[in-house]
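In what follows, a single structure is set out as structure tokens and then discussed.
The values are calculated or read from the model by the stated rules, or taken from the named source; none is laboratory data. Quick caveat, the model's predicted, so the values are computed rather than measured. Here the Cβ positions follow ideal geometry from the backbone for every residue, glycine too, while neighbour counts run over all protein chains shown.
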Amino acid sequence: MNAPARVVLDTNTVVSALLFSSGRLAPILAAWQIGTFMPIVSAETTTELIRVLSYPKFKLTSVDRDELLGDYLPFCLTVRIPAKSRRIPICRDPFDRPFLKLASSGKAAYLVTGDRDLLEIGEKQPYTIVNAEEFISRLNLR
């Protein structure tokens, strides 16, 4: 039996799946919960997720945030990013770098994002960078 594909989900993808669990990204949430794929995280990407879930616009209490994190983090594999990590592609936005480092160090099959800068890098890496809709289609998650 093959291990599930390792997948990096950017912060916006995770937040959308968690906050709108009946929305367009519901298939991604259901798929990570049943083990169709293995989300991977690093200390830096987890910190970013916690920071974003604390934005006032979401109006989440600390209990709400903990519940949402509990719907995601237990299903994830944490990857330690080595101090001298593999070479990553040049990206205009420095906030995208942790996701590229994670995809590379974590041997991801996919990096799922809506970020145009990352999507432009596309399939030029050992992992494939796709938007959520393409990921849902490729893994036949509907």
> Hey, among the residues in the stretch 81-97 that are closer than 18 Å to Leu9 by Cα, touching a helix residue (DSSP H, G or I) at 6+ places or on another chain (Cβ under 6 Å) and not β-branched (Val, Ile, Thr), which one's surrounded by the fewest Cβ atoms within 10 Å (Cβ to Cβ)?
Replying inline: Asp93
> Among the residues of the stretch 98-137 satisfying the criterion of being without any contact (Cβ under 8 Å) to a residue 24 or more places away in the chain and of a type in the set (D, E, K, R), which is nearest to Asn12 (Cα to Cα)?
Replying inline: Arg116
> Out of the stretch 51-68, which residues are surrounded by 15 or more Cβ atoms within 10 Å (Cβ to Cβ) and either within 13 Å of the chain's Cα centre (by Cα) or assigned to a loop (DSSP other than H, G, I, E, B) (or both)?
Replying inline: Leu60
> Which condition number in (1) farther than 30 Å from Ala83 by Cα; (2) at pLDDT 95 or above; (3) not in a helix (DSSP H, G or I) is the one that Gln33 fails?
Replying inline: (3)
>> Any residue that is in contact with a Pro (Cβ under 7 Å, 6 or more places away or on another chain), surrounded by 14 or more Cβ atoms within 10 Å (Cβ to Cβ) and either closer than 17 Å to Ile136 by Cβ or of a type outside the set (A, V, I, L, M, F, W, C) (or both) - is there at least one of those in the stretch 103-113?
In response: yes
> Can you tell me how many residues in the stretch 123-134 are under 9 Å from Leu111 (Cα atoms) and of a type in the set (A, V, I, L, M, F, W, C)?
Replying inline: 2
